[in-house]
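A.B. asks: Okay, handing you the structure first.
Just so it is clear, none of the values below were taken in a lab; they were calculated from the coordinates. Everything numeric in this text was worked out from a predicted model, so none of it was measured. We place every Cβ from the backbone using ideal geometry, glycine too, and count neighbours over all the protein chains shown.
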Amino acid sequence: MAYKIIVCAKQVPNTNEIKTNPETGTLIRDGVESILNHDDANALEEALKVKDAYPGTTITVITMGPPQAVEMLQECLAMGADDAVLLSDRALGGSDTWATSNAITAGIKKLGDFDFIFAGRQAIDGDTAQVGPQIAEKLGIPQVTYVQDFQIDGNEITVQRALEDGYELIKVKTPCLLTAIKELNTPRYMYIKGIYHAVKHDIKVWGAADIGVDLETVGLKASPTNVFKSFTPKPKGAGQKVAGDTEKDLAINLICSLKEKNII
Amino acid sequence: MAINFDDVKNIWVYAEQRHGKLMNVALELIGEGYRLSREMPEGTKVCGVLIGAEEDVKPLEAELFAYGADEVYVLADPLLKQYTTDGYAKVLTDAIEEIKPEIVIFGATHIGRDLAPRVAARLDTGLTADCTRLDIDMNHYINFLETKTTCNTKGLTPEDPKKDLLKQTRPAFGGNLMATIVTPRTRPTMSTVRPGVMKKREKDTSLKGEAINVKVNLTAADIHTQVVDVVKAAKEIVSLTDADIICSGGRGLGGPEGFNLIKEFADKVGGVVGSSRAAVDAGWIDHSHQVGQTGTTVKPKIYFACGISGAIQHLAGMQTSDCIVAINKDPDAPIFEVADYGIVGDLYKVIPQIIAEWDNAEDLLAERSK
């Protein structure tokens with residue numbers, strides 16, 4: 001059996017490298033690299049494993065973003081994805097999760113039939129974990145989030161869904177949407193044949209008109225949530241250094257301070 | 001289907017329960033909802049919403065009242081015994097459309113973060129994820145911005161047009177940036193809130209009420225996933241979010257055996273063991289212990305950071321602790337910038353002394369006051 005898989009991915013700034021300007025409360029993005037979002041790499045890897053096991057399986061990666069997100073799609077192709085689509089249009093800019101899921105849902109509908117969709121649990125820039133479930137809702141298909149183990153047999157998928165203190169074993173039939181966490185697998189590297197494919201491949205770039213999305217449901221103005229203020233937290237300010245010449249004095253002085261302030 | 005603005009009232013808290021036990025965050029959110037409701041037009045109530053099998057949820061009603069819920073709604077059905085996205089999303093969406101709350105808040109648990117986006121999408125309303133602060137009162141909010149953030153509040157007055165909206169504050173970009181989000185045009189306003197950041201009210205068993213049973217319209221055909229089994233992790237369950245005291249170890253431990261000392265320390269002070277990402281990545285301890293942006297966010301009464309340098313991602317997960325004690329050899333470690341008490345020293349020498357003297361606190365203080 002061969003499957004048609006759609007992978008949702010996002011190009012994100014490497015938040016480990018981001019700094020903020022404490023004066024203005026804005027991000028300093030200069031020189032910060034853009035990367036394939038971590039959880040999305042796990043989603044793509046799991047799709048690639050299905051393709052390895054079931055020859056003839058096809059993987060299409062879909063993303064929404066500025067034109068340079070093509071670079072991330074090329075990386076996905078070089079890892080082994082067959083096709084890639086970028087939804088890019090000024091009309092889509094500033095979309096919140098609700099509006100983003102409207103646009104991606106329209107893009108997926110244009111792609112046609114699929115067996116299942118794999119997305120990352122969340123993106124490291126927004127950390128919302130909302131777009132995956134909201135696409136599933138708008139497509140009217142079931143979802144399983146926080147997937148840490150995945151098996152497929154015919155049209156039946158069996159997954160482990162991670163909980164805070166264990167997991168649920170869940171069965172779901174295709175079509176459905178799953179979201180991946182890092183425990184699911186270790187993403188592979190790009191490989192030579194894949195890179196060759198990526199260079200030659202024509203990545204589709206679709207605007208709002210191409211996917212036929214209602215302009216009242218996408219972009220900044222249509223988004224139900226708005227950013228009211230953005231800022232950086234004020235540093236808490238250092239407290240006191242505990243005094244003491246010996247480790248025993250340090251320990252006693254600490255304990256006395258905690259007791260004195262009724263902390264213990 | 002969007003809900004008419006004029007019809008909405010009250011704050012709903014999704015009172016998440018698993019196998020008949022309330023999640024702590026449900027009570028935290030009842031406490032926060034209570035506080036917010038008293039800043040809204042008079043008569044605004046905080047309502048706990050229980051979903052599950054009748055035998056699991058009925059015994060929890062009294063607990064919600066005792067922690068401050070003005071009303072409790074019960075959505076019970078045998079098909080809701082086990083959490084499923086489809087089943088819970090359907091009955092909750094139906095109830096929201098029927099009863100029309102103004103605000104709906106969820107704990108940002110693995111289940112809350114699965115359920116809330118599905119419900120928000122069905123209602124075509126806004127949802128803000130992983131909030132760490134909620135405000136209605138504009139004066140409180142402006143005060144927060146001025147005292148705790150670098151935000152320029154020029155031009156922001158208590159009469160701001162957004163003054164009646166729920167102001168939902170959350171970290172983004174790995175904790176480097178904070179944003180306040182509002183939902184101006186659709187109702188209900190929906191948020192998920194990080195466990196451990198809001199305060200429960202004191203339990204008052206004299207507070208009682210009559211729960212309201214909401215009719216549930218659900219069939220087996222509505223549910224498209226089948227939960228075959230629920231497996232508790234064999235590993236030690238670490239409830240970092242519930243802990244009053246956390247003793248965390250980092251790279252400065254030098255190796256996995258360092259956590260033996262941290263465990264001994266935690267046992268002595270009645271705490272649980274946490275860790276930095278560096279220690280987890282090094283394979284010294286399981287991920288379930290990790291505090292920080294990609295781990296658990298904690299707000300204990302005391303946070304002991306032992307051999308933790310204080311990367312921004314770690315600070316994002318613990319800097320709102322009531323009291324932070326840092327023990328580190330490096331006097332320039334960033335952790336000292338957020339610590340209430342800093343000890344520059346070798347943790348392998350300092351911690352055994354703290355363990356030895358911990359039970360003598362009262363005598364030591366009396367001795368010193370002489």
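A.B. asks: Return one number: the angle in degrees, 0 to 90 and rounded to the nearest 10, between the long axis of the Cα atoms of helix B:85-99 and the longest principal axis of the Cα atoms of chain B.
C.D. replies: 60 degrees
A.B. asks: What is the set of long-range amide H partners of A:F228 at a cut-off below 5 Å, with H atoms built 1.01 Å from backbone N?
C.D. replies: Long-range HN contacts for A:F228: B:T180, B:I181, B:V182.
A.B. asks: Next question, about the same structure. Can you give me the long-range amide H partners of A:V7? Hydrogens built in the peptide plane at 1.01 Å from N, cutoff under 5 Å, separation of 5 or more residues or another chain.
C.D. replies: Result for A:V7 returns A:T60, A:V61, A:I62, A:F118.
A.B. asks: Roughly what % of DSSP beta bridges within the stretch B:6-222 run antiparallel, to the nearest 5?
C.D. replies: 30 percent
A.B. asks: Which residue, chosen from B:T84, B:F5, B:V214, occupies the Cα position most advanced towards the positive end of the dipole of chain B, where the dipole is computed from +1 (Lys, Arg) and -1 (Asp, Glu) charges on Cβ about the Cα centre?
C.D. replies: B:F5
A.B. asks: Another question, then. Test of understanding: ordering A:K234, B:K203 by Cβ neighbours within 10 Å, fewest first, what list do you get?
C.D. replies: Going from sparsest to densest Cβ surroundings: B:K203, A:K234.
A.B. asks: Tell me, what ³J(HN,Hα) does each residue in the stretch B:326-336 have, in order and in whole Hz, if you take phi through Karplus 6.51 cos²θ - 1.76 cosθ + 1.60 with θ = phi - 60° and put x for Gly and Pro?
C.D. replies: Per-residue couplings from phi come out as 10, 10, 7, 5, 8, x, 9, 4, x, 4, 5 Hz.
A.B. asks: Order B:280-287, A:167-174 from most to least packed using the mean count of other Cβ atoms within 10 Å.
C.D. replies: A:167-174, B:280-287
A.B. asks: Mind pulling the angle between the C-alpha long axis of helix B:24-37 and the longest principal axis of chain B? Nearest 10 degrees, somewhere in 0 to 90.
C.D. replies: 60 degrees
A.B. asks: Amide H to amide H, which residues 5 or more places from B:A339 or on other chains are under 5 Å from it, using H placed in the peptide plane?
C.D. replies: Placed amide hydrogens put A:G239 under 5 Å from B:A339.
A.B. asks: Ok, one more. Which of the peptides B:248-255, A:117-124 is most tightly packed, and how do the rest follow, judged by the mean count of other Cβ atoms within 10 Å per residue?
C.D. replies: A:117-124, B:248-255
A.B. asks: Loop only by DSSP, 10 or fewer other Cβ within 10 Å of the Cβ. Give me the trypsin sites (Lys or Arg not before Pro) in the stretch B:42-150 that pass, ordered by residue number.
C.D. replies: Within the stretch B:42-150, no trypsin sites (Lys or Arg not before Pro) qualify (loop, at most 10 other Cβ atoms within 10 Å).
A.B. asks: Through the Karplus equation 6.51 cos²θ - 1.76 cosθ + 1.60, θ set to phi - 60°, convert the phi angles of the stretch B:134-144 into ³J(HN,Hα) values in whole Hz; use x for Gly and Pro.
C.D. replies: 10, 9, 10, 4, 5, 5, 4, 5, 5, 4, 4
A.B. asks: Roughly how crowded by other chains is peptide B:241-254, in terms of the mean Cβ count from those chains within 10 Å of each of its Cβ atoms?
C.D. replies: 0
A.B. asks: Okay, moving on. Please rank B:E32, A:E71, fewest neighbouring Cβ atoms within 10 Å first, as an exposure proxy.
C.D. replies: Lowest count first: A:E71, B:E32.
A.B. asks: Given the Cα-Cα distance of B:D330 and B:E42 and 0.36 nm per residue of separation, how much length would full extension add, in nm?
C.D. replies: Here the answer is 98.3 nm.
A.B. asks: What number, rounded to the nearest 500 deg cm²/dmol, is the helix-based mean residue ellipticity at 222 nm of chain B, given -39500 (n - 2.57) per DSSP H run of at least four residues and division by all its residues?
C.D. replies: Rounded to the nearest 500, it is -8500 deg cm²/dmol.
A.B. asks: Further, regarding this structure: Need the full-extension length gain, B:D222 to B:N139, defined as separation in residues times 0.36 nm minus the C-alpha distance. One decimal, nm.
C.D. replies: Roughly 25.3 nm would be gained on extension.
A.B. asks: Taking θ = phi - 60°, what integer Hz values does the Karplus form 6.51 cos²θ - 1.76 cosθ + 1.60 yield along the stretch A:209-226, in sequence order, with x for Gly and Pro?
C.D. replies: Values, residue by residue: 5, 4, 9, x, 7, 5, 5, 6, 10, 9, x, 4, 5, 7, 5, x, 9, 10 Hz.
A.B. asks: Here's something else I'd like to know. Using Cβ contacts closer than 10 Å as the measure, can you line up A:L44, A:L258, A:L111 from fewest to most?
C.D. replies: A:L111, A:L258, A:L44
A.B. asks: Just tell me how shielded B:216-225 is by partners: mean number of partner chain Cβ atoms within 10 Å of each residue's Cβ, no decimals.
C.D. replies: Per residue, the average neighbour count from other chains is 2.
A.B. asks: I would also like to ask the following. For peptide B:179-188, how many partner chain Cβ atoms fall within 10 Å of a residue's Cβ, on average?
C.D. replies: Mean shielding by partner chains, rounded to a whole number: 4.
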